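Report on the following structure.
The values are calculated or read from the model by the stated rules, or taken from the named source; none is laboratory data. Only a predicted model underlies this, so the values are computations on that prediction, with no experimental measurement involved. Cβ placement follows ideal geometry from the backbone for every residue including glycine, while neighbour counts extend to all protein chains displayed. SASA here: full protein model, heavy atoms, side chains in, ligands and nucleic acids out. Shrake-Rupley method; radii C 1.70, N 1.55, O 1.52, S 1.80 Å.
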Amino acid sequence: MQLQDILFSQGFGTRRVCAGLVQQGHVTIGGQSITDAAAEFAPEGLLFVVDGVPWEYHELAYLMLHKPAGTECSRKPSAYPSIYTLLPGPLRLRPQKGAVQGVQAVGRLDQDTTGLLLLTDDGQFIHRMNSPRHHVPKVYEVTVKHPVDERQVQRLLEGVVLDDDPKPVRAAACERAGEMQLRLTLTEGKYHQVKRMVAAVGNRVEGLHRSQIGGLVLPPDLSPGQWRWLDEVHLAALRP
Ligand code: URA
């Protein structure tokens, strides 16, 4: 694949901008400056550096972000900064079917929720992860206002009725994790689901953190606001 096309596919700008980046000496591979925009490279696994910033070629992008509090999972946020501002430009500008599309969050977390968020430009992956049929478990660490009692845990496990659906929703797992702490596993992703379920059993969410999706645990060394590529091991942990 030509270097200019590699850069274009990774979100470094229009084809013309990418050709210019190479021709003007902004790109190095293996420590060597490459100025021929049409030079051919095998893209898979290619490491290149643009203006001193290392980049790894990915045909499709899969990443995890440690979402900090006070950010919105929307591209057009209403009150808080968008999570997309935490990503480097190329991840926001990756083209798909000719148009700038960038990666998208796999589901949304509330503005005040922290923790593990996946992003990708693979539409099928988003569909699979969000589909209720696939029952991908998501683990939430919940801080509540009032002390947790065993009856609340039992009700969350048995199922509670929310205001938008007569069918009860239940936690796939739920345990008391401290006086004011619950660990709750859900396999669906209804709007404000944790907050509404906890309210339905007479308590109130004061803090919400997603620690795990499927078999993928938020790495302790990924600080709030940081992102990382998902590798094959991470992706395997997300498969049922
Ligand atoms: N449930 C909620 O109430 N909020 C979230 O952000 C995620 C799950």
Open item on the list: Given the criteria part of a strand (DSSP E or B) and either in the same structural domain as ARG228 (by TED's automatic domain parsing) or surrounded by fewer than 16 Cβ atoms within 10 Å (Cβ to Cβ) (or both), does HIS66 qualify?
Closed with: yes
- [ ] Inspect region 175-198 for any residue being in contact with a helix residue (DSSP H, G or I) (Cβ under 9 Å, 6 or more places away or on another chain), away from the ligand (no atom under 13 Å from the Cβ) and modelled with pLDDT of 95 or more and give the result as yes or no.
- [x] yes
Open item on the list: Filter region 46-63 down to the residues that are surrounded by 18 or more Cβ atoms within 10 Å (Cβ to Cβ) and either without any contact (Cβ under 8 Å) to a residue 24 or more places away in the chain or under 21 Å from MET1 (Cα atoms) (or both) and list them by number.
Closed with: PHE48, TRP55, HIS58, ALA61
Open item on the list: Yes or no: region 218-232 includes at least one residue that is open to solvent by 40 Å² or more (accessible area, probe 1.4 Å) and within 16 Å of the ligand (Cβ to nearest atom).
Closed with: yes
Open item on the list: One residue is enough: does region 130-152 have a residue meeting the conditions basic (Lys, Arg) and touching a Gly at 6+ places or on another chain (Cβ under 6 Å)?
Closed with: no
Task: Pairs, first free of Cβ contacts under 8 Å to residues at least 40 places away in the same chain in region 7-18, second assigned to a helix (DSSP H, G or I) and open to solvent by 30 Å² or more (accessible area, probe 1.4 Å), C-beta under 6 Å, six or more apart - done: ARG15/PHE8; CYS18/GLN4; CYS18/PHE8
- [ ] Any residue in region 191-213 that's assigned by TED's automatic domain parsing to the domain that holds LYS145: show its pairings with residues that are small (Gly, Ala, Ser) and more than 11 Å from the ligand (Cβ to nearest atom) at Cβ separation under 8 Å, as long as the two are six or more apart or on different chains.
- [x] MET197/ALA171
